[in-house]
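Derivation of every value follows stated rules applied to the coordinates shown; laboratory data play no part. Since this is a predicted model, take the numbers as computed values, not measurements. FYI the Cβ positions are ideal-geometry reconstructions off the backbone, even for glycines, and counts take in every protein chain you see.
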Amino acid sequence: MKLFIKFALLAVLLSTVFGCVTSDENFEVRLTPPGDFNPVFMTYKELPGEKAIMVAVDPGGRWAFGFDHSQSSVEEAVKIATEKCNSARKNHDVFTEAKVFAINDEVIYYDHLK
C-alpha cells in the first residue's frame, strides 16, 4: 500500500510539473458560420464598391454579422462593418469577437489564423 501511495504522489507531482507547461503559440478555432449565413453572403457579394463583411460565431451556435459597401477605402468598409457586427453581437449575445470574413469578394476568414 505504501508503494501505491508513493507511486500516486509521484504521478501527481509529475503531471503537475509537466502537464502545466504550455507553449507561447496561440491557437484559435474559427467556427464555420451556419447555413443561414449563406444567403447573407450571397447578398453581400452583389453589392458594389469597396466592401467588407465581418462575422462572429460562438461555440453555442449563436452568430452575428455586419457588412458595409460603397466606401472610398476597404479600411473604412471594415471599420463600419465591425461596428455593425459588434452591435449585432450584443443583440444576439454572441461572445466571440468579430472577424473579417471577406474583403470585396475574397473570403479570408479561414486564412492564416492568428
Linear extension gain, S73 paired with T43, 0.36 nm per residue minus alpha-carbon span: 8.8 nm
Just to check I understand the Karplus step: with θ = phi - 60° and J = 6.51 cos²θ - 1.76 cosθ + 1.60, what whole-Hz values come out for the range 30-43, glycine and proline as x? 9, 6, 5, x, x, x, 5, 6, 4, x, 4, 5, 5, 5
Placed amide H near A52: partners under 5 Å, 5+ positions off or other chain: D68, N104
Convert each backbone phi in the range 67-73 into a coupling constant with the Karplus relation 6.51 cos²θ - 1.76 cosθ + 1.60 (shift: θ = phi - 60°), then list the ³J(HN,Hα) values in order as whole Hz, x for Gly and Pro. 9, 8, 8, 6, 9, 6, 8
Residue by residue through the range 78-85, what is 3J(HN,Hα) from phi via Karplus (6.51 cos²θ - 1.76 cosθ + 1.60, θ = phi - 60°)? Round to whole Hz and write x for glycine and proline. 5, 4, 5, 5, 5, 4, 5, 5
Please work out whether the range 40-83 counts as rounded, prolate or oblate from its C-alpha gyration tensor, where a ≥ b ≥ c are the square roots of the eigenvalues and a/c under 1.5 means rounded, while otherwise a/b larger than b/c means prolate and anything else oblate? oblate
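Please arrange S87, S72 by how many other C-beta atoms lie within 10 Å of their C-beta, fewest to most.
Ranking S87, S72 by Cβ neighbours within 10 Å, fewest first, gives S72, S87.
May I ask for the equivalent-ellipsoid semi-axes of the range 34-114, computed as the square root of five times each C-alpha gyration tensor eigenvalue and listed largest first in whole Å?
On the way: eigenvalues 77, 34, 31 Å².
Each semi-axis is √(5λ); the values are 20, 13, 12 Å.
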